[in-house]
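Below is one structure, written out as structure tokens; comments come after it.
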Amino acid sequence: MSTIYDIPLKRIDGTEASLDDYRDKVLLIVNTASKCGLTPQYEGLEKLYQAKHAQGLEILGFPANNFNGQEPGTDAEISEFCSFNYNVHFPLFSKISVRGADRHPLYAVMTQAQPTAIGDGPFREVLKGYGIDTGAPADVLWNFEKFLVSRQGEVVARFAPDTVADDPRLLQAFDAELARL
């Protein structure tokens, strides 16, 4: 039986990878974009990564251009942007699709495992107010949606895009997973 660890991925530099590289770590998987109003979340994510990495947290960024073309760059451009503007050290992966017919298998598995996000509602209503199609309830809503994966490879929580890295709900969920062995 295949697991989340078996899904093939590519790092932002083009090398082959999988989540098996992060087995026994607590993962926060985030779809990112460079030209989004939520892009400053990179700063908080990097701060969280620096604070919790030694305890076993990995933050994994997956650039995606699914939402109003807010990640138009190449992998090289995205990598440079993240390094130069936000001094990102957490792993970044090659640009993928997180919603729609071409959705990456990783996001298919994660959205099926956690069809609703903690904190969903207010940001969805803001997007609707701008006339933006928010998709089906289980679809990734927007850039910077976050999935928490346990050390055992289980998708244990999902957080709305506007949930920032220092949100108490997110921190409590991390700490609970980091404490589990």
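Nothing in this text is a laboratory measurement; each read-out follows from the coordinates by a stated rule. Values in this document were obtained by computation on a predicted structure and should not be read as measured data. When we count neighbours, we look across all protein chains shown, and the Cβ atoms used for this are built from the backbone with ideal geometry, even at glycine.
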Review point. Taking the DSSP beta bridges in the chain as the whole, what percent of them are antiparallel, to the nearest 5?
Key: 55
Check your understanding: Over the chain, what is the mean sequence separation of C-alpha contacts under 8 Å (at least six apart), divided by residue count, expressed as relative contact order in percent?
Key -> 28
Check your understanding: Taking the structure as given and computing log10 I(q)/I(0) by the Debye sum over Cα atoms at q = 0.13, 0.19 Å⁻¹, which label from (1) -0.71, -1.42; (2) -0.60, -1.43; (3) -0.77, -1.14 fits?
Key -> (2)
Point to revise | Set of the stretch 40-57 residues, backbone N closer than 18 Å to the point 7 Å along the Cα-Cβ line of Arg151 | key: 52-57
